[in-house]
Amino acid sequence: MNKIIILDFGSQTTQLIGRRVRELGTFCEILPYDSFPAEDPDVIGVILSGSPLSVYAPDALLPDLSGVFGRYPVLGICYGAQLISFLGGGKVENSGTREYGRALLNYVAEDCPLLTGIEAGSQVWMSHGDSITALPSGFRLAASTDSVRNAAFWNPDRRIWGVQFHPEVVHTADGKRLLENFVVGICGSRREWSSDSFVETTVRELQATLEDGNVILGLSGGVDSTVAAVLLNRAVGSRLTGIFVNHGLLRKNEFEDVLADYRKLGLNVRGVDASGLFLDALKGVDNPERKRKIIGRLFIEVFEAEAAKIPGVKYLAQGTIYPDRIESRNITGKVIKSHHNVGGLPEHLNLSLCEPLKWLFKDEVRSVGLSLGIPRHMLFRHPFPGPGLAVRIVGEITPEKVRILQDVDDIFIRSLRAEGLYDAIWQAGAILLPVRTVGVMGDERTYDYAVVLRAVTSSDAMTADWAFLPEDFTRRLSNEIINKVKGVNRVCYDISSKPPSTIEWE
Ligand code: XMP
């Protein structure tokens, strides 16, 4: 299948370039800037990403791209464009101030195929501190803005393009058109990448690689593990066993509901209710990291004990997706986020790892799920942390607190769905505080727990805004919670964004 290679120089928007290319029906791989594949007959073009670095600084990333230029069409974006200019003998200088934000193209070369269909006046998005002040020989000007003369340039003979602005962000009005001009018009992509084609080729590949032996997969009720399971089930049928562990800190009825959903999908699943074990081990523990450690350790123990009951297991499947692997990598020396899915294979199990979703972005996982016939309510559910309600019960966990929080959470989530608010929110849930306050119900004084409701909007959980909920909705909601959930007499709403707060309270 045709593919575009995106060389990553550490920009925050590299993944976005990848997603845009995939939206154009074209497979792409994001690789570290110095790891261009030696021989890969499927490569049809190369994109060089942006970077927080400067090409002339001592720590600049300057890979040898002599085997790339002239062989494949190349598009450099921001740092990528500066690199093309710098390596070709052009001039890149600090422009004194950082140029950040929108600008309008005031000149567009009519004969440049990268800019076909894009006219002067089109808005582009800039984010750079360096400017290309002289183009290398063989290069021509393709577009300018008022403050950036060399906003786009090209070498028609060697089929190399550079753009100082970011076509991958939505603020560049014709960014999608520009990338389409490159990927389809210039590189000649056959646009073979789609959810259906992914399912077809992956099922075939899985059948070929998982020749014999059984496969196990930890199911969590989340989108990634569900899609991985259904895909594997299509490939190897009942040779796949999914293991779904109830740690007693799931949402109300979630264990039973999700198991029923899995069975409806025809999956071979073992549900293990280990609630008692987990809650016993968590008795008296109030430190958030200790809670996480205990849950993580027990989870592996329970999973392994169940796996040991299945004969002939050769493979461990995981729902790892592409961003888990890219985010775990370190291009410029700064780790952005380390992921629990990556590198967590217990070695003594002696199993081969199988990650059928490792090339997919989150939105692609959902599309593949739809292609596989998985119901929408399973694919478009809010993220839920692995340790579950343990990180939403501040302080010590008791069975009584779990019951209270499950009831509050259940009312909150059901109300959001009934009001049509659920899908606009990234993640919602309730938090139980280790605080009791005085209230009055009828003629009685109460002394009960305070709960906090949290709902946020986000696109990737790295940053989040608290969500505005309509006043009449919150009034009804707090009434219902206090009237129906025994043990709660106060409801608060969390109006903190991330950063500086986090989504979870622990
Ligand atoms: P924070 O609280 O860091 O959460 O803003 C960001 C996202 O990660 C989820 N989260 C976790 N997921 N294990 C998980 O599997 C954890 O320990 C964990 N802690 C936070 C959180 O729900 C949100 O989606």
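Conditions tested, residue by residue: (1) crowded, with 21+ Cβ neighbours inside 10 Å; (2) more than 18 Å from Trp125 (Cα to Cα); (3) acidic (Asp, Glu).
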position	(1), (2), (3)
Ser11	yes, no, no
Ile17	yes, no, no
Ala38	no, yes, no
Pro52	no, no, no
Tyr56	no, yes, no
Arg71	no, yes, no
Cys78	yes, no, no
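Given the conditions (1) closer than 21 Å to Ala152 by Cβ; (2) touching a helix residue (DSSP H, G or I) at 6+ places or on another chain (Cβ under 9 Å); (3) of a type outside the set (S, T, N, Q), and given that Arg98 satisfies all but one, which numbered condition is not satisfied?
Among (1) closer than 21 Å to Ala152 by Cβ; (2) touching a helix residue (DSSP H, G or I) at 6+ places or on another chain (Cβ under 9 Å); (3) of a type outside the set (S, T, N, Q), the lone unmet condition for Arg98 is (2).
Would you pick out the residues in the stretch 55-74 that are over 31 Å from the mean Cα position of the chain (by Cα) and aliphatic (A, V, I, L, M)? Show your work before the answer.
Initially, the stretch 55-74 is screened for residues over 31 Å from the mean Cα position of the chain (by Cα), giving 56-58, 66-67, 69-71.
Correct list: Ala57 only.
Identify all residues within the stretch 492-506 that are more than 15 Å from the ligand (Cβ to nearest atom) and within 17 Å of Val408 (Cβ to Cβ); write none if there are none.
Answer for the stretch 492-506, where residues must be more than 15 Å from the ligand (Cβ to nearest atom) and within 17 Å of Val408 (Cβ to Cβ): Cys492, Tyr493.
Identify, by number, the condition in (1) at pLDDT below 95; (2) of a type in the set (S, T, N, Q); (3) under 17 Å from Ile6 (Cα atoms) that Ser95 doesn't meet.
If we test Ser95 against (1) at pLDDT below 95; (2) of a type in the set (S, T, N, Q); (3) under 17 Å from Ile6 (Cα atoms), just (3) comes out false.
Among the residues of the stretch 466-485, how many are surrounded by 13 or more Cβ atoms within 10 Å (Cβ to Cβ) and not hydrophobic (A, V, I, L, M, F, W, C)?
The qualifying residues number 4.
Which residue out of Asn489, Asn483 is away from the ligand (no atom under 16 Å from the Cβ) and assigned to a helix (DSSP H, G or I)?
Asn483
Inside the stretch 236-259, can you point out the residues that are surrounded by 20 or more Cβ atoms within 10 Å (Cβ to Cβ), among the small types (Gly, Ala, Ser) and under 18 Å from Ile374 (Cβ atoms)?
Across the stretch 236-259, the qualifying residue is only Gly242.
Checking the structure you have, find out if any residue of the stretch 462-480 is outside the structural domain of Arg366 (by TED's automatic domain parsing) and on the phi > 0 side of the Ramachandran plot.
no
Tally up the residues in the stretch 205-242 that are among the polar types (S, T, N, Q) and in a loop (DSSP other than H, G, I, E, B), please.
Adding up the residues that qualify gives 1.
Just one of (1) touching a strand residue (DSSP E or B) at 6+ places or on another chain (Cβ under 8 Å); (2) surrounded by fewer than 19 Cβ atoms within 10 Å (Cβ to Cβ) trips up Ser66, so point out which.
So the condition that Ser66 fails would be (1).
Checking Trp125 against (1) more than 14 Å from Asn181 (Cβ to Cβ); (2) in contact (Cβ under 8 Å) with a residue 60 or more places away in the chain: exactly one of these is not met. Which one?
The number of the failed condition is (2).
Give me the helices (runs of 4 or more DSSP H) completely within the stretch 256-336, filtered to those with at least 1 residues that are closer than 30 Å to Asp363 by Cα, ordered by residue number.
288-307, 322-327
State all residues of the stretch 432-469 that are touching a residue at least 40 places away in the same chain (Cβ under 8 Å) and basic (Lys, Arg); if no residue qualifies, say none.
Arg454, the sole residue that qualifies.
Provide a single number: the residues in the stretch 420-432 that are assigned to a loop (DSSP other than H, G, I, E, B) and within 16 Å of the ligand (Cβ to nearest atom).
Residues that pass the stated criteria total 2.
Is at least one residue of the stretch 433-447 outside any helix (DSSP H, G or I) and in contact with a helix residue (DSSP H, G or I) (Cβ under 7 Å, 6 or more places away or on another chain)?
Looking only at the stretch 433-447, we keep the residues that are outside any helix (DSSP H, G or I), and these are 433-447.
When the remaining residues are screened for being in contact with a helix residue (DSSP H, G or I) (Cβ under 7 Å, 6 or more places away or on another chain), the result is none.
Within the stretch 433-447 (the criterion being outside any helix (DSSP H, G or I) and in contact with a helix residue (DSSP H, G or I) (Cβ under 7 Å, 6 or more places away or on another chain)), the answer is no, since none of the residues qualifies.
Inspect all residues belonging to the stretch 467-477 and state whether any of them is within 15 Å of the ligand (Cβ to nearest atom), assigned to a strand (DSSP E or B) and not acidic (Asp, Glu).
No.
Please give the number of the condition Arg158 fails out of (1) outside the structural domain of Asn246 (by TED's automatic domain parsing); (2) not in a loop (DSSP other than H, G, I, E, B).
(2)
Basic (Lys, Arg), under 20 Å from Glu400 (Cβ atoms), out of contact with any Lys or Arg (no Cβ under 6 Å at 6 or more places or on another chain) and at pLDDT 95 or above - does that describe any residue in the stretch 233-255?
Within the stretch 233-255 (the criterion being basic (Lys, Arg), under 20 Å from Glu400 (Cβ atoms), out of contact with any Lys or Arg (no Cβ under 6 Å at 6 or more places or on another chain) and at pLDDT 95 or above), the answer is yes, since at least one residue qualifies.
Given the structure, is Leu405 more than 30 Å from Gly312 (Cα to Cα) and either within 16 Å of the ligand (Cβ to nearest atom) or modelled with pLDDT of 95 or more (or both)?
It is true that Leu405 is more than 30 Å from Gly312 (Cα to Cα) and either within 16 Å of the ligand (Cβ to nearest atom) or modelled with pLDDT of 95 or more (or both).
Mind checking which residues of the stretch 388-402 are at negative phi and within 16 Å of the ligand (Cβ to nearest atom)? Let's see the steps before the verdict.
Of the residues in the stretch 388-402, the ones at negative phi are 389-394, 396-402.
Leu389, Ala390, Val391, Arg392, Ile393, Val394, Ile397, listed by residue number.
Here is a yes/no grid of residues against (1) in a loop (DSSP other than H, G, I, E, B); (2) over 35 Å from the mean Cα position of the chain (by Cα); (3) surrounded by 16 or more Cβ atoms within 10 Å (Cβ to Cβ):
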| residue | (1), (2), (3) |
| --- | --- |
| Ala81 | no, no, yes |
| Glu99 | no, no, yes |
| Arg102 | no, no, no |
| Glu110 | yes, yes, no |
| Gly121 | yes, no, no |
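The values are calculated or read from the model by the stated rules, or taken from the named source; none is laboratory data. All of these numbers come straight from a predicted model, not from anything done at the bench. Every residue, glycine as well, gets a Cβ built from its backbone with ideal geometry; the counts of neighbours run over all protein chains shown.
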